[in-house]
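Trainee: My questions will all concern the structure given below.
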Amino acid sequence: MASANLLDTNVVFDLIYPDRPRYKKALEFYKNFKNLELSIEPKVNIECQRVTVEFIGKFSTDLENFLSHRNQRSKRWDQLNPKQRSDALNDFLNTHSNNNNSHAKDILSFYTYTMKTIRSNLVHLNYIEVKEYLLNLSSELLGNLRQQIFVRFSYIIPYYAIDKEEIIRFIDSLRESILGLDKSFSSSQKEDFNILVSLIQIYTFGDSESRRYDSLLFYTNDENFLKSFNKLKNSDPSLNEKLLDGYLKKALEFISFEKPY
Amino acid sequence: MAELNFQENIFTPYPLKELSKDLKKKHSKWSPVVRKMINEYVKTSGEGFSRFSDLLIKLMEDDLDIYNFTKEDEDELKREFENIDKSFKHISVLLDEMSEHEQKKLWVDKYDSTVKTLYKLRSQFLKSLLSKELWKETDSLILTYYDYLISTMSDLTRKIDESHTEDANKLMTIASVVSLVYGSVLLAYDRDKLKTEVLVERLSELSAYSEPLNFKVNKKVKSALENSKNIPSCLLRN
């Protein structure tokens with residue numbers, strides 16, 4: 001039996017990207033562990049990919065549409081010199097700066113940072129090359145992210161056999177039971193809920209290499225996740241599905257959540 | 001939507017029910033006959049798989065977690081599968097006569113041909129995307145998805161080829177699910193029915209497990225891409 005230290009998406013991002021504000025703190029935290037002593041499970045890995053894809057998909061689409069419209073209205077991108085192209089890219093950012101809702105602000109902050117990173121390259125590409133760049137951008141970012149994840153962290157996949165009906169029934173009833181205890185998991189925190197189910201699965205059945213764990217510690221900076229988990233832990237799961245046979249209660253006892261820094 | 005123009009069915013079905021039987025006898029002479037029949041089957045069963053694909057896409061739109069079926073959904077999927085399996089009967093009889101080794105070779109060939117079909121169509125697909133003005137989000141992400149699907153199928157095919165029978169059988173089941181579930185996303189895109197959320201979810205899953213193959217990219221574009229690796233650093237601040 002072993003114990004495992006697992007990371008949430010926000011901690012993974014802090015450790016991979018040096019430009020993030022918490023990078024230094026994350027690095028100090030990382031140094032306390034030996035190589036590959038920190039792990040991630042598949043739901044967190046998928047969430048890391050998803051967040052990247054969502055933002056970059058919007059960015060690529062908006063930029064292509066901006067350039068395409070611009071080509072129709074005024075001087076074509078290919079006829080501009082690098083300085084004029086840089087001005088056009090500023091116009092692109094300005095079109096997104098008037099919206100005040102919080103999601104739009106997140107998007108603007110992402111676009112501004114992205115533009116700062118790629119502007120000097122973009123102004124030297126012609127229109128078709130910009131489009132080819134945008135079509136390949138998500139692939140490049142995802143490839144890099146995946147590589148960084150597998151170099152830094154070990155990967156724990158929950159044991160899951162296709163033909164094990166017992167496990168499938170367990171996970172189904174686990175979902176119902178958790179949702180019965182805390183409705184907030186079903187609406188605002190679906191990803192958190194899926195991560196929690198995955199952790200309980202790892203604790204209860206072990207991982208795909210048949211390793212069993214006597215405790216799991218999950219590091220996250222997400223206050224909502226910590227709040228929901230504690231609420232769930234203090235509930236009484238025995239009131240729910242009999243099928244769980246106390247597995248849920250036991251798992252919640254040996255899984256803990258902490259802020260890493 | 002850019003054009004994919006699939007001339008061949010990209011699905012590689014696997015008759016789960018029939019192939020779960022033990023296959024012990026060895027009749028190598030059947031191999032070419034079965035291969036020919038399966039090719040014919042794949043070509044002619046496009047309509048059945050098309051219905052199956054529509055159903056999968058509908059399920060994905062209702063709940064992004066495709067494996068979270070209700071009983072009703074499951075029954076409908078089973079009915080579609082049974083319909084498809086019915087036309088597989090005559091092939092299954094011949095498959096029963098083949099050795100496990102011959103069967104594996106047959107399916108590896110089939111998966112390999114799916115990968116080659118996708119690979120062959122890629123440059124034409126890229127051209128079509130480049131010539132398209134005004135993208136939707138699905139347009140800007142679909143090439144990456146396409147590349148990850150080729151890579152995943154290619155990886156699975158290689159692993160099946162190198163595995164012993166028991167592992168190969170498990171991998172073939174996975175390959176058939178990948179081919180159906182993730183291939184359906186391409187068909188939905190081709191028919192302009194694909195929602196961004198569905199594409200994002202399936203792409204995230206594929207990219208968590210595989211790396212895309214290295215396709216040729218313009219030198220200037222490649223160099224610009226290499227300087228972009230840290231872009232996601234400003235994401236998810238909480």
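Trainee: To the nearest whole number, what is the average tally of beta carbon atoms from other chains within 10 Å of the beta carbons of peptide B:126-134? Can you show the working numbers first?
Mentor: Working: counts 4, 0, 0, 4, 6, 2, 3, 8, 6.
For this peptide, the per-residue mean of nearby foreign Cβ atoms is 4.
Trainee: Continuing with this model, one more query. Determine the alpha carbon to alpha carbon distance for each of A:Lys25/A:Lys105; A:Lys58/B:Lys110; A:Lys24/A:Lys58; A:Lys83/B:Lys216 and list only those over 31 Å.
Mentor: A:Lys58/B:Lys110
Trainee: What ranking, highest mean first, results for peptides B:156-168, A:199-211 when packing means the other Cβ atoms within 10 Å averaged over each residue?
Mentor: Values: B:156-168: 15.5, A:199-211: 18.4.
For the peptides B:156-168, A:199-211, the packing ranking is A:199-211, B:156-168.
Trainee: Want the number for B:Glu197 to B:Lys132: 0.36 nm per residue separation, take away the alpha-carbon distance, what's left?
Mentor: Computed gain between B:Glu197 and B:Lys132 is 21.3 nm.
Trainee: Given a Förster distance of 22 Å, report the FRET efficiency between B:Asp63 and A:Tyr160 from their Cβ-Cβ distance, rounded to the nearest 0.05.
Mentor: 0.70
Trainee: What nm distance separates the two modelled labels at A:Lys25 and B:Asn214, each placed 7 Å from Cα along Cα→Cβ?
Mentor: 4.0
Trainee: Please compare each pair in A:Lys190/A:Lys231; B:Lys120/B:Lys170; A:Lys43/A:Lys249; A:Lys75/B:Lys222 to a cut-off of 18 Å on the Cα-Cα distance and tell me which ones are over it.
Mentor: Where the Cα-Cα span goes over 18 Å, the pairs concerned are B:Lys120/B:Lys170; A:Lys43/A:Lys249; A:Lys75/B:Lys222.
Trainee: Which length gain, in nm to one decimal place, applies between A:Lys75 and A:Arg211 when the Cα-Cα distance is subtracted from 0.36 nm times their residue separation?
Mentor: 42.7 nm
Trainee: Where in chain A are the DSSP H helices whose alpha-carbon span along the long axis reaches 30 Å or more and whose Kyte-Doolittle mean is at least 1.0?
Mentor: Working: long enough: A:42-73 (46 Å, -0.65); A:127-152 (37 Å, 0.04).
Flagged H segments: there are none.
Trainee: Using a 10 Å cut-off around each Cβ of peptide A:42-50, what is the average number of partner chain Cβ atoms that fall inside?
Mentor: Shielding by partners across A:42-50 averages 5.
Trainee: So, R0 is 30 Å and r is the distance between the beta-carbons of A:Met1 and A:Phe150; what FRET efficiency does that work out to, to 0.05?
Mentor: Taking R0 as 30 Å, the efficiency between A:Met1 and A:Phe150 is 0.75.
Trainee: Determine, from the Cβ-Cβ distance of A:His103 and B:Thr165 and an R0 of 41 Å, the FRET efficiency 1/(1 + (r/R0)^6), rounded to the nearest 0.05.
Mentor: 0.20
Trainee: Within 10 Å of each Cβ of A:124-131, how many other protein chain Cβ atoms are there on average? Can you show the working numbers first?
Mentor: Numbers: counts 3, 5, 2, 1, 4, 7, 2, 9.
Across the residues of A:124-131, the mean count of other-chain Cβ atoms within 10 Å is 4.
Trainee: Among A:Ser3, A:Gln49, A:Phe29, flag the residue with its Cα farthest along the positive direction of the charge dipole of segment A:1-49, charges on Cβ as +1 for Lys/Arg and -1 for Asp/Glu.
Mentor: Checked the options; the winner is A:Phe29.
Trainee: Based on the mean of other Cβ atoms within 10 Å per residue, sort peptides A:14-20, B:225-231, B:179-185, B:145-151 so the most packed one is first.
Mentor: For the peptides A:14-20, B:225-231, B:179-185, B:145-151, the packing ranking is B:145-151, B:179-185, A:14-20, B:225-231.
Trainee: Also, quick follow-up: Suppose each label sits 7 Å from its Cα in the direction of the beta carbon; what would the B:Lys86-A:Phe33 distance come out to in nanometres?
Mentor: 5.4
Where a number appears in this text, it was derived from the coordinates with a stated rule and is not lab data. Being a predicted model, the structure only gives us computed values, none of them experimental. Don't worry about glycine lacking a Cβ; one is built from the backbone with ideal geometry, like all the others, and counts go over all protein chains shown.
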